[in-house]
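Chemist: What follows is a structure written as structure tokens; I'll ask about it next.
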Amino acid sequence: MSYYNRLVFWFLVACAMPFFACTGNVTHAPHGTYMRAQGYAQGTTWHITYKSFGGEDLTQEFDSILLAFDFSISAYNKESLLTKINNNEDVELDGIIREVFMQSRRMYDLSGGLFDPTCRPIVNAWGFAKHNDLQKPSQEVLDSVLEFVGMDKVRIVGNKIEKDDPRLTLNFNANAQGYSVDLVCDYLKANGYTDYLVEIGGETRGIGVNPHGVPWRVAIESPIDGSTEDDREINTVVGLSGKSLCTSGDYRNFFKSDGKKYSHELNPKTGYPKDDSLLSVSIVTDLAIDGDALATAVMVMGLEQGYKLVDSLPDTEGYFIYADSKGGFGVVKTKGF
């Protein structure tokens, strides 16, 4: 879930490389001219690097795609289609919400209900949604909100959303950013681009090669509690070409009470945070929407169950960082990572 769990991005198109010539957002390299664009969308930042045909700037095109995406599926945009659905207005679905809903349902089934975009009321009950007034809710409060949580209580009928309970709401933060990455990649591919790295809110997909002529390099951050962009550490670096990399972790959004750590990674079945040594999981898969959702589900599952799931899936690899008995980090990775 990228909003809270960011990767460290090393777009190795650095101007410091002596055989590159850089001007602003342009990198002239032996393997072509690469452009870099960046902006702000979905409450986070985005960065895109692509091999251009002639130095063309696609920033406006990227902004347009992401703006339309925001007006479709953002739970925070009061004018979005998703907000109207959550307010029980009589509206028809667009292609974005339909696709993300259907993928969410598949992931809900695959994870045994641990990936669930209807669990926002649980997040609100703990105070994680606004990052203030964090506290352990009473069992009575959790029981009351669990009554209208569950993907089995909502469905698509025709071209509309049908709910068993009007209080049920949808929030696709755990896979929407991954899907926005895929949509930008689809745009670039459709327009003939062959080499690009797209990162939105921490979810990444790399196609082709970077200016060095090698796979794009993206670093995975060590899950240090409370770390910031100024003091974070790199755990490992991954080469991406034709794959996405998505990470979820519990080291940024949590609180402690009576010596116990309560993570924002909440089990939608029980209403309580996960209780496991797993600190961070990074998923490599073809589509970013799948990696984004799977990383969230695995964090709730825990190390053992999550590893078994990822290892059983085709074209999917995982990198798991856990807290060891000595207060440090341990790493487990699937054989193809």
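Chemist: Simple spin-label model, 7 Å along Cα-to-Cβ: Y40 to M102 in nm?
Modeler: 3.5 nm
Chemist: While we're here: Using a 1.4 Å probe on the protein heavy atoms, what percent of the accessible area of the chain belongs to carbon and sulfur?
Modeler: Taking all protein chains in place, the chain shows 50 percent carbon and sulfur surface.
Chemist: Let me ask something additional. Ordered by packing density, taken as the mean number of other Cβ atoms within 10 Å over each peptide's residues, highest first, how do 200-211, 185-196 rank?
Modeler: Packing proxy ranking, top to bottom: 200-211, 185-196.
Chemist: Given labels modelled 7 Å from the Cα in the Cβ direction, how far is it in nm from V91 to K153?
Modeler: Roughly 2.2 nm, to one decimal.
Chemist: Let me ask another. Please give me the summed charge of the neighbours of L240: other residues whose Cβ is under 9 Å from its Cβ, Lys and Arg +1, Asp and Glu -1.
Modeler: Summing Lys/Arg as +1 and Asp/Glu as -1 gives +3.
Chemist: Provide the per residue accessible area, probe 1.4 Å, for the chain, rounded to a whole number of square angstrom.
Modeler: 44 Å²
Chemist: Normalised by the empirical 2.2 N^0.38 Å for globular proteins, what value does the Cα Rg of the chain take?
Modeler: For the chain, the normalised Cα radius of gyration comes out at 1.00.
Chemist: If you don't mind, another one. Describe numerically, in nm with one decimal, the distance between label points set 7 Å from Cα along Cα→Cβ at D165 and at V331.
Modeler: That separation, rounded to one decimal, is 4.3 nm.
Chemist: Evaluate E = 1/(1 + (r/R0)^6) for N124 and K189, where r is the Cβ-Cβ distance and R0 equals 45 Å; express this FRET efficiency to the nearest 0.05.
Modeler: Efficiency, from the Cβ-Cβ distance: 0.75.
Chemist: Moving on to the next point. Would you look at the GNM of the chain, springs on alpha carbons closer than 10 Å, and say which of M299, M102, M35 moves the most?
Modeler: Judging by the Gaussian network model, the answer is M102.
Chemist: Still on this structure, please answer the following. Choose one of G242, C185, G150: the residue whose Cα lies farthest towards the positive end of the charge dipole of the chain (beta-carbon charges +1 Lys, Arg; -1 Asp, Glu; about the Cα centre).
Modeler: My answer, from the dipole projection, is G242.
Chemist: Once fully extended, how much extra length lies between D315 and D109, figured as 0.36 nm per residue of separation less the alpha-carbon to alpha-carbon distance?
Modeler: Answer, rounded to one decimal: 72.3 nm.
Chemist: Using a Gaussian network model on the chain with a 10 Å cutoff between Cα atoms, which of H264, H47, H212 fluctuates the most?
Modeler: H212
Chemist: Using the Cβ atoms and a cut-off under 11 Å, what net charge is assigned to the surroundings of G150, where Lys and Arg are +1 and Asp and Glu are -1?
Modeler: Once positives and negatives cancel, what remains is -2.
Chemist: Working from Cα positions, state the angle (0 to 90°, nearest 10) between the long axis of helix 59-73 and the longest principal axis of the chain.
Modeler: Once rounded, the angle reads 10 degrees.
Chemist: Which whole-angstrom value gives the distance between the alpha carbon centres of segment 40-91 and segment 302-337?
Modeler: When both Cα centres are located, 32 Å separates them.
Chemist: What is the gain in length, in nm to one decimal, between V214 and H28 on full extension, counting 0.36 nm per residue of separation less the C-alpha to C-alpha distance?
Modeler: That works out to 65.4 nm of additional length.
Chemist: At most 13 other Cβ atoms within 10 Å and a DSSP loop assignment: could you name the trypsin sites (Lys or Arg not before Pro) in segment 64-149 that fit?
Modeler: K78, K130
Chemist: Which residue fluctuates the most in the chain, going by a Gaussian network model with Cα springs under 10 Å, if the choices are P314, P223, P166?
Modeler: Evaluated over the chain, the most mobile residue of the options is P314.
The values are calculated or read from the model by the stated rules, or taken from the named source; none is laboratory data. Keep in mind it's a predicted model, so treat the numbers as computed, not measured. In this analysis, Cβ positions are derived from the backbone assuming ideal geometry, glycine residues included, and neighbour counts consider all displayed protein chains. Only protein heavy atoms, including side chains, enter the accessible area calculation; ligands, DNA and RNA are left aside. Shrake-Rupley method; radii C 1.70, N 1.55, O 1.52, S 1.80 Å.
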